[in-house]
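What follows is a set of notes on a single structure, which appears directly below.
The values are calculated or read from the model by the stated rules, or taken from the named source; none is laboratory data. Because the structure is predicted, anything quoted here is derived from the model rather than measured. Cβ atoms come from the backbone with ideal geometry, glycine included; neighbour counts cover every protein chain shown. Only protein heavy atoms, including side chains, enter the accessible area calculation; ligands, DNA and RNA are left aside. Shrake-Rupley method; radii C 1.70, N 1.55, O 1.52, S 1.80 Å.
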Amino acid sequence: MGMSSAATVATNFLTHIIESDLSEGRVAGVVTRFPPEPNGYLHFGHAKSICLNFGLAQRYGGRCHLRLDDTNPATEDDEYVQSIEQSVRWLGFDWGEHHHFASDYFEQLYRFAEALILAGHAYVDSQSTEDLRRRRGSLTEPGEDSPFRARSANESLELFRRMRAGEFPDGTHVLRARIDMAAPNMNLRDPLLYRIRHVAHHRTGNTWCIYPLYDYAHPLSDAIEGISHSICTLEFEDHRPLYDWLVDRVRELGLLPHPTRPHQYEFSRLNLTYIVLSKRKLIELIEKKVVSGWDDPRMPTLVGAQRRGYPAEGFRRFVEQSGVSKSDGWIDYSVLEGSMRDVLNEQAPRRVAVLDPLELIIENMPEGETVECTVVNHPQRPELGSRTMPFERRLWIEREDFQAEPQKGFFRLAPGARVRLKYAFVAECTGFDADADGRVTQVRARIFEDSRSGTPGADLYKVKGNLHWVAQRHAVDLEVRQYDRLFSVPIPGARREGDGPEVERSFLDDLNPHSIEVLQAYGEPALAQAKAAEPLQFERHGYFVVDARDSRPGALVFNRTVGLKDTWQG
């Protein structure tokens, strides 16, 4: 798939490693993978990993596998599998024939486990969960050997086979690696490899009642697939010695198809201000009905981003521009919004909508008369052509574009003031009406017929104000959802200066009460043909997209994607 500049990744430590590996002949080619667990919807952090893994493979003429690490059937579902596949494709990437599941290798992984038992590298442990936890030790104290650690290979193998046969209830036995209970790295303290789970799997059904742990299946799946560069986030750095140990032991037994061991490289995860990426917190937002679901446009999920109208290319640009490093740091959300805005400015046709309508009457224009005004669809893209907008006696304008008593520097409509009604005529305000509370209900004006845009003499009228408008009789009714950031502070739930030790903060304490505002608005006639997933710029207001879930024919709902500029005050 051709991807222009977004197909490459900004120079970073990974590109240096890969170029060195290729030039020195340590690898024959680049094979990466994106290995999510199908237990939820992908979020913005996953977008970084997707763009990085697929982008590096493209850059160096290699391939990237999509592999679903489905080793925990209690939390996995085909719904998540389909959503993951759709999100990767939406971001502009394709895995070709290399779509894999950890469950593809269940039989192979089981054979590896039997071989590890026979070689003395693994044993069946029959301790309770509480005893397993107690004997593991701590960061400052070594663990204790299990009383079952000295079990013979034959006894462990017999028990393991009976575990597979379904003879034992959940929690009765586990398979552990025999490494070192005193290791400073707690991941090497005889980690669990298999556990009993009498739960149906989304792909294998009830074929299995024992399932490999992620830390066992993950590195061995990499090795089976011949992954050259296993790229992951920094929290897995301490797991790398275990991954290497497992792959080396299985390779020594002559059971792996590829001669080289995948090497893991860690990069800093995405830390964006004003959002949370913890799956637990995202689920809490849904369960407490703070948001409407995983695809709520305020959620930092890729399904939410699509519904909000974020362009896929915006994510690719953001990842390219923000780079990759090994040190954790925070990126302001405005940087992501800027990437989205840059792409939308290039792509989005322009349309006119009035979000806070106030009636404007053109007094010197007869009722029923219509003037068709020509409007370009994109000022920098003439190939997108133009359209017409009807101009009539009764218009809608923005309420903020009129002041009965204008402030200094206010160049829009006011008694006696002149403005240009964009694409049409210069108008002069002749009066207004207000209700008993002083709220303006109607503005009146007259137009100068020789001031029409594009006609001789139009340049005789020098005005500073330029207002957009919609003809009432032809207006399309719109529901407009103005979305903003879900949280009002950069790091939701963080302690603040002055908080005493007794203060406990929740990320929910920092919700932005103005993260959504629903408006009843009017749009120009062309908006009746707007389609889902096609970005549009509402002039002066920002970028919007038709809500694919809630819109109906004749009842369009538009989601605000991002403003024309960063106006967030925090």
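Computed values, structure above
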quantity	calculated
First in the range 222-241 and more than 18 Å from PHE13 (Cβ to Cβ) and in contact (Cβ under 8 Å) with a residue 12 or more places away in the chain, second anywhere and in a loop (DSSP other than H, G, I, E, B) and among the aliphatic types (A, V, I, L, M), Cβ under 8 Å, 6 or more apart	ALA223/LEU256; ILE224/LEU256
Close pairs (7 angstrom Cβ cut-off, 6 or more residues apart or separate chains): under 9 Å from TYR60 (Cβ atoms) in the range 11-22, surrounded by fewer than 16 Cβ atoms within 10 Å (Cβ to Cβ) anywhere	none
Test: ARG387 is assigned to a strand (DSSP E or B), of a type outside the set (Gly, Ala, Ser) and in contact with a helix residue (DSSP H, G or I) (Cβ under 7 Å, 6 or more places away or on another chain)	yes
Near pairs, Cβ below 6 angstrom, 6+ apart or cross-chain, from the range 380-403 (in contact (Cβ under 8 Å) with a residue 40 or more places away in the chain) to any residue that is part of a strand (DSSP E or B) and among the hydroxyl-bearing types (Ser, Thr, Tyr)	TRP396/TYR522
Some residue of the range 503-517 being small (Gly, Ala, Ser), open to solvent by 70 Å² or more (accessible area, probe 1.4 Å) and either assigned to a loop (DSSP other than H, G, I, E, B) or in contact (Cβ under 8 Å) with a residue 24 or more places away in the chain (or both)	no
Residue under evaluation GLU369, criteria (1) part of a strand (DSSP E or B); (2) surrounded by fewer than 13 Cβ atoms within 10 Å (Cβ to Cβ); (3) among the acidic types (Asp, Glu), criterion not met	(1)
Among (1) touching a residue at least 24 places away in the same chain (Cβ under 8 Å); (2) out of contact with any strand residue (DSSP E or B) (no Cβ under 6 Å at 6 or more places or on another chain); (3) on the phi < 0 side of the Ramachandran plot - the single one GLN529 does not satisfy	(1)
Qualifying positions in the range 282-316 - more than 20 Å from LEU536 (Cβ to Cβ) and not in a loop (DSSP other than H, G, I, E, B)	LEU282, ILE283, GLU284, LEU285, ILE286, GLU287, THR301, LEU302, VAL303, ARG316
Qualifying position, being under 27 Å from PHE236 (Cβ atoms), touching a residue at least 24 places away in the same chain (Cβ under 8 Å), aliphatic (A, V, I, L, M) and surrounded by fewer than 20 Cβ atoms within 10 Å (Cβ to Cβ), among ALA200, ALA182, ALA153	ALA182
ARG560, sole failed condition from (1) of a type outside the set (S, T, N, Q); (2) closer than 24 Å to HIS468 by Cβ; (3) part of a loop (DSSP other than H, G, I, E, B)	(3)
Matching entry among VAL489, VAL503, VAL546 (being modelled with pLDDT under 90 and among the hydrophobic types (A, V, I, L, M, F, W, C))	VAL503
Extreme residue, surrounded by the most Cβ atoms within 10 Å (Cβ to Cβ), among residues of the range 424-452 that are at pLDDT 95 or above and among the hydroxyl-bearing types (Ser, Thr, Tyr)	THR430
Scope the range 523-556; condition assigned to a strand (DSSP E or B) and crowded, with 17+ Cβ neighbours inside 10 Å; matching residues	GLY523, LEU536, GLN537, PHE538, GLY542, TYR543, PHE544, VAL545, VAL546, LEU556
Residue list for the range 52-67, filter: open to solvent by 10 Å² or more (accessible area, probe 1.4 Å) and assigned to a helix (DSSP H, G or I)	GLN58, ARG59
Out of ARG178, ARG197, ARG133, sole residue that is touching a strand residue (DSSP E or B) at 6+ places or on another chain (Cβ under 6 Å), more than 17 Å from ILE117 (Cα to Cα) and not acidic (Asp, Glu)	ARG197
Only listed residue being over 25 Å from SER278 (Cβ atoms), modelled with pLDDT under 95 and of a type in the set (Gly, Ala, Ser), chosen from GLY40, GLY62, GLY25, GLY92	GLY25
Condition broken by LEU14, with the remaining ones in (1) open to solvent by 30 Å² or more (accessible area, probe 1.4 Å); (2) farther than 15 Å from SER87 by Cα satisfied	(1)
Residue within the range 127-144 that is open to solvent by 60 Å² or more (accessible area, probe 1.4 Å), assigned to a loop (DSSP other than H, G, I, E, B), touching a residue at least 40 places away in the same chain (Cβ under 8 Å) and in contact with a Gly (Cβ under 8 Å, 6 or more places away or on another chain) present	yes
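Residue by residue, here is whether (1) among the charged types (D, E, K, R); (2) over 25 Å from VAL562 (Cα atoms); (3) touching a Lys or Arg at 6+ places or on another chain (Cβ under 8 Å); (4) surrounded by fewer than 20 Cβ atoms within 10 Å (Cβ to Cβ) holds:
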| site | (1), (2), (3), (4) |
| --- | --- |
| LEU302 | no, no, no, no |
| SER325 | no, yes, no, yes |
| VAL335 | no, no, no, yes |
| HIS378 | no, no, yes, yes |
